[in-house]
Amino acid sequence: MCDCSEAAQPDSPGAAAATTHVYAGILNGSAIEAAGSQEGDPDEFERVDGYETGYESGSGESLGSTSATSSIYAHTFEHGRRYHHFKNGRYPLPDDDEEQKREDMKHAMMLELTDGKLFHAPVGDNPQQILDIGTGTGIWAIDVGDRYPGAHVRGIDQTPIQPIWVPPNVDFLVDDCNNDWLARNIDLAHFRFMTIVLQDVPNVLGNCFESLKPGGWVELQELQGEILCDDETMLDDDPLKYVYELGAKAFKLFGMDVLIPQQLEAILRAAGFVNIQCIPKKVPIGVWAQDKTLRLVGLYQKTAISEFLSAMAGRPFEALGIDATARQAIVALARRSLEDTTIHRYMPYYFWYAQKPENFSNSTRGSAPGNTGASLAVSPLADA
């Protein structure tokens, strides 16, 4: 298993315009194309109140109702924040401009942390089909599309916040990865900051396994939702640590587990994956690390957490029954403690990647060699 206690120490040395379409989804067959390049013959699409569906008239399939289609573009406003309305109430975090900027900043942080690598999976120089699950603002998918112009890169998310102007080989769909996937022959499926907000990770990774081509790869770049310290500079009642402990309890009420990233080896193996690799990192919070790059990473992380605290004070703390005054007090103490550079806090990050067997032919999930005791190869620890 990937053990973060052995991870690298923090102090170690041409765009195309696009229109909005609705068509048969790559996941469950009822997705909505939020942005990106248009493919196929426009005549194949059926108009539904200003949108287009990929279902032909008389096919017997539909999105259910026009209101269901329109609701994907609707939002709810709570606690001074905007939340997407798709399957309203199930997702605890906002999707407003503040959150989008935070996600893009985390992308910049990850590029610093990985020395510019967008992924670690050895997909070769010419991948053809790449899926980005939980694409958010689409920034990772766009960067991958630029770097691999011969690949078709598709981003999937529950909310259409992606840009309109993107590389011609990139598009986006509004869909729910918890549903069955129709995609096949995928070279790489990418998840980032996703497993802690999924309600059924084994099911999602099982569907992912089915969608990959034999020899295809999945990569999960995952934050563990806990605050740690190795040198006793953080007290047991640390305000930031307390916020994340409350967050873990709140996310459980939404059916989510913020500690699941460290458990992904067993889940990947059970889904049928082999050649499972893990690169663990300890990401500092603040500028206390000695390494110059890690100080920049720590500054990104500190800022991301500071901006995240207001989101935690919304739906998550409300679900715990904490009143509004107490929520704000808890967040204020945590935000103030972030300025204390004598506390050497960090968060564990796990970079997991694994392969669908190249000789896989049985579509029955769980019958792959990965379930028969295949050895786990943990990659050499890389300096953060």
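Computed from the coordinates by the stated procedures, all read-outs in this text should not be read as laboratory data. Just so it is clear, the structure is predicted and the values come from calculations on it, not from any experiment. Reconstructed Cβ throughout: ideal geometry from the backbone, glycine too, with neighbour counts over all protein chains shown.
Please sort by residue number the GluC sites (Glu not before Pro) in segment 309-366 whose DSSP state is loop and whose Cβ has at most 15 other Cβ atoms within 10 Å.
Loop-located and lightly packed - GLU339, GLU358.
So what is the relative contact order for segment 100-195, in percent, with contacts set as C-alpha pairs under 8 Å and at least six apart?
Dividing the mean separation by the residue count of segment 100-195 yields 30 percent.
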Legend entry - Net charge contributed by nearby residues that have their C-beta within less than 10 Å of LYS241 (K/R +1, D/E -1): -4
Legend entry - Largest to smallest principal axis extent of the C-alpha atoms in segment 188-316, angstrom: 46, 36, 24
Inset, instruction - For HIS79 and LEU333, compute 0.36 nm times the residue count separating them, minus their Cα-Cα distance, and round to one decimal in nm. - result: 89.6 nm
Legend entry - Exposure proxy order (Cβ contacts within 10 Å, fewest to most) of ASP236, ASP200, ASP95: ASP236, ASP200, ASP95
Inset, instruction - Would you mind calculating the gained length between THR341 and GLU358 on full extension (0.36 nm times residue separation, minus the Cα-Cα distance), in nm to one decimal? - result: 1.2 nm
Legend entry - Cα gyration tensor, segment 182-264 - rounded (a/c under 1.5), prolate or oblate: prolate
Legend entry - Point-charge dipole on Cβ atoms (K/R +1, D/E -1) for segment 72-186, about Cα centre, debye to 20: 180 debye
Legend entry - Segment ARG295-PHE254, extension gain: residue separation times 0.36 nm, minus the distance between their alpha carbons: 11.4 nm
Legend entry - Cross-link table LYS106/LYS249; LYS241/LYS292; LYS292/LYS356; LYS117/LYS302, entries beyond 31 Å C-alpha to C-alpha: LYS292/LYS356
